[in-house]
Amino acid sequence: MSEPMPGPMRLRSAALSLITLLGGVSLAVIPAATVSISSRLFSVEEQGFLAVAVLVATFAGQITFAVVVESRLSSAATERRVVFPLWLAAVSVLTALVIAVTPPNAVVLGIGLPVLIAALEVGRGVSVAERLDRREIVASIAVGSGALIGVLAGFAEQTWALVPLVLGIAVATCVRCMPVMHRASRPEPAVMGWVIADTAITGVIYPLLNTMILAFLGSADAVLFTSIATVSGLLAIPLNFMRLRLLKEHSTLDIVVSAGSVLAAVVVLLVLELSGVFGFIFGSAWDESATLAPLLLACAWRAASLATTLPFAALRRMGEVRLLTGLRAAVSVLTFALAAAGLAAQSLSAVFVGLLLAELLSAVVYEAARRRRVARVSRERAA
């Protein structure tokens, strides 16, 4: 654990943490901006396809993040340093250019999204973990500006609305792959395998769940589920920020900043919902449904991750990758079962209730495992 910092340094560190945390909004707005623009450019059936494609892209981003970033941060025997791979940056920029020069096409966009989201996930993860705050601010502005211009162009029904969105991602990718003074640590092969398995088991639930929603409830509900999950993803920004920082070392300051940001994000989402902004952004899929209850439940589900992240990060720092993979597999089965039970009730609110219950139970499971691990270490030291 790092030594306590003087007061002014703590304030500066907190300010930089908050600015970098807020920059995470740029990552969260990409799925929302994609859904919003798609609602103006494509048919309902194509929107349903893209709603699933967005979650598949998020899953692909999580897997890439696990390989490039999290496996290194979880390799306790190394220096745990990470960098943005140049190959990923090159593929991302090329993909953005292809989408930009191609007339609006749902299939091309669906294929390109996993690459773009993966670059965003890895780029931001590297910046947060290595505290590259200044370049992350520039990259976040590029992504956010591109998304804003694209959404506004979509409102005006301009066929080029996707161009600023993907070009903003390309600019941010170029900024994030600038040279750094350190080299990436070589991850421990066993650790990488467990981390990837862990991420795959957990992340596959949501695209699979939305595929089932598309099949059983139709395109409109699939789009609405993606929209609500994306909007509530604003809460995931401080949670992911806290998780990345805690994988490096425990920090009460980052926990407080993140928890306060979660509360503020909930307030912002409620104001936007009650003022009708989301209906304006997402169009008929949002306007024609009762969204307040599922949105509140989705926010509660996201916020419950606060209780899950603390013991999870502690176990990762302890090197308990095998244990965590087993626990995550069990929790994932439980999550899918409870969410599917909600789906059987033909209600998105019930689906989010299932996800919330699963998250709360996960927190209990992880905390129990952490306490057993700490108790075992204490007994070994006493012996």
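Only one entry in 325, 335, 291, 309 is in contact with a Lys or Arg (Cβ under 7 Å, 6 or more places away or on another chain), buried (at least 17 other Cβ atoms within 10 Å of the Cβ) and hydroxyl-bearing (Ser, Thr, Tyr), namely 309. Residues in region 93-102 include at least one that is outside any helix (DSSP H, G or I), under 30 Å from residue 159 (Cα atoms) and at pLDDT 90 or above.
One line per residue, one yes/no per condition, for (1) touching a Gly at 6+ places or on another chain (Cβ under 7 Å); (2) surrounded by fewer than 24 Cβ atoms within 10 Å (Cβ to Cβ); (3) in a helix (DSSP H, G or I):
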{"site": "115", "(1), (2), (3)": "no, yes, yes"}
{"site": "142", "(1), (2), (3)": "yes, yes, yes"}
{"site": "147", "(1), (2), (3)": "yes, no, yes"}
{"site": "191", "(1), (2), (3)": "no, yes, yes"}
{"site": "200", "(1), (2), (3)": "no, yes, yes"}
{"site": "208", "(1), (2), (3)": "no, yes, yes"}
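For region 44-88, the candidate set comprises residues that are among the polar types (S, T, N, Q) and crowded, with 19+ Cβ neighbours inside 10 Å; within that set, the residue that is nearest to residue 162 (Cα to Cα) is 47. Only residues that are assigned to a loop (DSSP other than H, G, I, E, B) and either hydroxyl-bearing (Ser, Thr, Tyr) or under 30 Å from residue 213 (Cα atoms) (or both) were counted in region 34-77, giving 4.
Tell me whether region 152-171 contains one or more residues that are farther than 17 Å from residue 38 by Cβ, touching a residue at least 12 places away in the same chain (Cβ under 8 Å) and in a loop (DSSP other than H, G, I, E, B). The answer is no; no qualifying residue exists. Taking the listed residues 253, 234, 246, 263, the one that is at pLDDT 85 or above and either assigned to a helix (DSSP H, G or I) or more than 18 Å from residue 122 (Cβ to Cβ) (or both) is 263, with no other qualifying.
Return yes when residue 80 is outside any loop (DSSP other than H, G, I, E, B) and among the charged types (D, E, K, R) and no when it is not. For residue 80, the condition - outside any loop (DSSP other than H, G, I, E, B) and among the charged types (D, E, K, R) - is not met. Quick one: how many residues across region 240-252 are surrounded by fewer than 14 Cβ atoms within 10 Å (Cβ to Cβ) and not charged (D, E, K, R)? Counting residues in region 240-252 that are surrounded by fewer than 14 Cβ atoms within 10 Å (Cβ to Cβ) and not charged (D, E, K, R) gives 1. Residue under question is residue 362, and the condition is that it be small (Gly, Ala, Ser) and within 19 Å of the chain's Cα centre (by Cα); does it hold? Judged against the criteria, residue 362 is a match. In region 359-383, the residues that are under 26 Å from residue 335 (Cβ atoms) form Cβ pairs under 7 Å with partners that are at pLDDT 85 or above and outside any helix (DSSP H, G or I), at six or more places apart or across chains, as follows: 359/304; 360/304; 363/304. Looking across 100, 77, 106, one residue alone is among the small types (Gly, Ala, Ser) and in contact with a Phe, Trp or Tyr (Cβ under 7 Å, 6 or more places away or on another chain). It is 106.
The values are calculated or read from the model by the stated rules, or taken from the named source; none is laboratory data. A quick note: this is a predicted structure, and the numbers were derived from the prediction, not measured. Ideal geometry is used to build each Cβ from the backbone, glycine not excepted, and the neighbour counts take in all protein chains shown.
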